[in-house]
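The values are calculated or read from the model by the stated rules, or taken from the named source; none is laboratory data. Since this is a predicted model, take the numbers as computed values, not measurements. Using ideal geometry, Cβ is built from the backbone for each residue, glycine included, and neighbour counts are taken over all protein chains shown. Each accessible area value is taken on the protein alone, full model and side chains, heavy atoms only, with ligands, DNA and RNA left out. Shrake-Rupley method; radii C 1.70, N 1.55, O 1.52, S 1.80 Å.
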Amino acid sequence: MLSRIQTLLAELKAATPTTPEAVEALRVGMLGRSGQITKLIDDFRELPPEQKRALGKPLNDLKSFAQGRIKELQEKLQSEQATGAASLDLTRTAIRAPFGTRHPLAKIQREIEDIFYRIGFTVEQGPELEDDWHVFSALNFPPDHPARDMQDTFFISANPDTLLRTHTSSVQVRIMERQKPPIRAICPGRVFRNEDISARAHCQFHQVEGLYVDRGVSFAQLKQTLLYFAREMFGADTKIRLRPSFFPFTEPSAEVDVSCNLCGGKGCNVCKHTGWLEILGCGMVDPNVLQACGIDPLEYSGFAFGMGVERIAMLRYGVNDLRLFFENDTRFLQQF
Ligand code: PHE
């Protein structure tokens, strides 16, 4: 009987069934009602006591080994079916996980921040959800003045008055309210205007506005700062041109053009054959604004400017449709 036990043990160890049916056949053949182990146990009962003593343990060990082995085989097949591991091909070449890239708008915003950081400007943040005071009133927009229509506003509620900021000039107001001059700060951030989405306009976009307030700040300094910025951003040969303009919060005000970096000023489709591209608005901070923010306009003066990040990115990268920046098509984004 001992040799039968050993044969069955060896058979169990060698068996490698690969289907659930084969495992079941093995189980029935060993442990089923007329299985080989079951038969051994029946024979064992007929043996004289001294043989029983010698064979009891090996026989019991065989039975529990068989039960354990069959359970293990059943579980292995089940988990292979669940994960498809049976069809796993470890020799196949790996699929490369695609790396993300920085968004072109984030890159340009960083670059603008960096250019001004190098000449002593700090970077300041403020809320996107604002009130009338910080977006309009403190910036010298009189109530019901048509200048408020320059920027189509998303109003959220009337009381308390809440709206989405239309420019980050609101952050400049907050800085002036809490900090004494000298102030040298840029305010990057998202702004909102109730405009139809097209290749050139969007209801949300990004700005970087700048503010410098101190004793004796002059228009000449503003011009030189903007020339420095334009050359850092668009190249060392870049020229700038200032055209008189109007903003309620600056006096005098100007719009700034840079020489077209695509045609070198000769005239092309992008600059509409003028050789110039408009990039920002600027001016000397209106004394009324300084006063509203608690800064004495007789002691201090300042300049401010504001630009759209999308516009700068379009000019730098030659992108002709603003919507591409917001669609998050990776084929577009991967080019930067
Ligand atoms: N706030 C203006 C805008 O959003 C830009 C600007 C800022 C103009 C500062 C002049 C001075 O269009």
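So the values come out like this:
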item: Projected label distance in nm at Q334 and R102, using a 7 Å step from Cα toward the beta-carbon; result: 2.0
item: Label-zone membership for the stretch 165-193, site R215, 7 angstrom Cα→C-beta point, backbone N under 16 Å; result: 180-183
item: Carbon + sulfur, % of accessible area of the chain - ligands and nucleic acids excluded, 1.4 Å; result: 52
item: With all protein chains modelled, accessible area of R241 [1.4 Å, Å²]; result: 90
item: Over 20 Å between alpha carbons, listed pairs K107/K266; K239/K272; K107/K272; result: K107/K266; K107/K272
item: Packing-based ranking, highest mean first, of 277-289, 301-313 given that Cβ atoms within 10 Å are counted; result: 301-313, 277-289
item: Residue (of A54, G308, Y117) at the positive-pole extreme of the chain, dipole from beta-carbon charges; result: A54
item: Segment S3-A22, extension gain: residue separation times 0.36 nm, minus the distance between their alpha carbons; result: 4.3 nm
item: Nearest 10 degrees, 0 to 90: helix 20-31 Cα axis against the chain principal axis; result: 30
item: Cysteines in the chain that, by Cβ-Cβ distance, have no pairing candidate under 4.7 Å; result: C187, C203, C282, C293
item: Relative contact order (percent, whole number), the chain, Cα cutoff 8 Å, 6+ residue spacing; result: 15
item: Global form of the stretch 102-197, assessed from the alpha-carbon gyration tensor, a/c cut-off 1.5; result: oblate
item: Rounded if a/c under 1.5, otherwise prolate or oblate - the stretch 104-333, Cα gyration tensor axes; result: oblate
item: The stretch 1-70 and the stretch 298-336: distance between their alpha carbon centers, rounded to Å; result: 79
item: Between the stretch 136-194 and the stretch 73-116, the Cα center-to-center distance that results, in Å; result: 43
